[in-house]
Amino acid sequence: MFGRRKSRTEEPAEYWKQRSWVSSAVFLGAAVVIGSVSFLTSGSGGEADAAPPEAVKGPLSTDDTKDGGPAPGKRPKGCDTGKDEEAGRPASAPKDVEWKNLNGVTVPTSPSAGPTRYSGPVWWCYAHTPMGAVMAAHSILTHMSTTDWRTVAEQQLVAGEGRDAFISQRSSLGQSQTTDDDAGVPSGFFVGSFTKNTTQVRLLIKGASGGLGVATVSMRWSGGDWKVEPRSDGALFGTSDSGVNSNGFIKWGAA
């Protein structure tokens, strides 16, 4: 799965057509975000196999003009994870990790770090800590491979041109589902730079073939919960699958 990467100049400008993005998305269990591998790597055009789904309003829904939600410092109604803002960089995985199957992908959850609330496809109410950001990154990215991706994108991606670009690109592509055979397994994580309201998360994923890859995700506290902050071109994460090892990552253990 992790073959020799093309040089940056050889790859298409659009991130969702880049081979490195394709391979990383597949092992993350988010392959449907970019449609079929044959379509993407060929650079040829194609049509979606169904009309894009409509977003359903939920606990983190905002208006059309700004990333609204609760008043500053407040959580969405029904969400309370306690006084957790002072927590620092995690040194280990939560002791209360519970693994849930989502579309054939095993996703870590935690009563202490989140999510603590489930409203249809939206898994929400994460601890206001770097560990909460780690849990949110796993869940939100994986939900992009489901038929309810639009609802999750509207509520759990930071509003702006990056989210608009992602939704536009995702809407133009066909829907498929990852399976137990091709989905990756969360292997570890590392929290990079962080402040009270921003966290850079690196996710270590073991692919079905045994190879390792890393996705670097920017998380932002917005509207009273952690959300993925897309890049301006719509990419939800940066990738690396060359020379990756598990050194420095906190291990999840058996999923």
### Query
Across region 230-255, which residue is surrounded by the most Cβ atoms within 10 Å (Cβ to Cβ) among those that are at pLDDT below 90 and among the β-branched types (Val, Ile, Thr)?
Thr239
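Mind checking whether some residue in region 98-110 is farther than 13 Å from Trp221 by Cβ, charged (D, E, K, R) and not in a strand (DSSP E or B)?
Taking region 98-110 and keeping what is farther than 13 Å from Trp221 by Cβ, we get 98-110.
Subset that is charged (D, E, K, R): 98, 100.
Next, from what is left, pick out any that are not in a strand (DSSP E or B): none.
Within region 98-110 (the criterion being farther than 13 Å from Trp221 by Cβ, charged (D, E, K, R) and not in a strand (DSSP E or B)), the answer is no, since none of the residues qualifies.
Do we find that Pro186 is in a strand (DSSP E or B) and either within 27 Å of Ala159 (Cα to Cα) or touching a strand residue (DSSP E or B) at 6+ places or on another chain (Cβ under 9 Å) (or both) in this structure?
yes
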### Message
Can you go through Ser112, Ser145, Ser168 and tell me which one is among the small types (Gly, Ala, Ser), modelled with pLDDT under 95 and within 13 Å of the chain's Cα centre (by Cα)?
### Response
Ser145
### Query
Within region 201-224, is even one residue surrounded by 17 or more Cβ atoms within 10 Å (Cβ to Cβ), modelled with pLDDT under 90 and of a type in the set (S, T, N, Q)?
no
### Task
Tally the residues that are modelled with pLDDT under 85 and either out of contact with any Leu (no Cβ under 9 Å at 6 or more places or on another chain) or over 27 Å from Arg220 (Cα atoms) (or both), restricting the search to region 179-196.
5
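The values are calculated or read from the model by the stated rules, or taken from the named source; none is laboratory data. The shown structure was predicted, so the numbers you read here are calculated from the model rather than taken from an experiment. All Cβ positions, glycine included, derive from the backbone under ideal geometry; neighbour counts span all protein chains shown.
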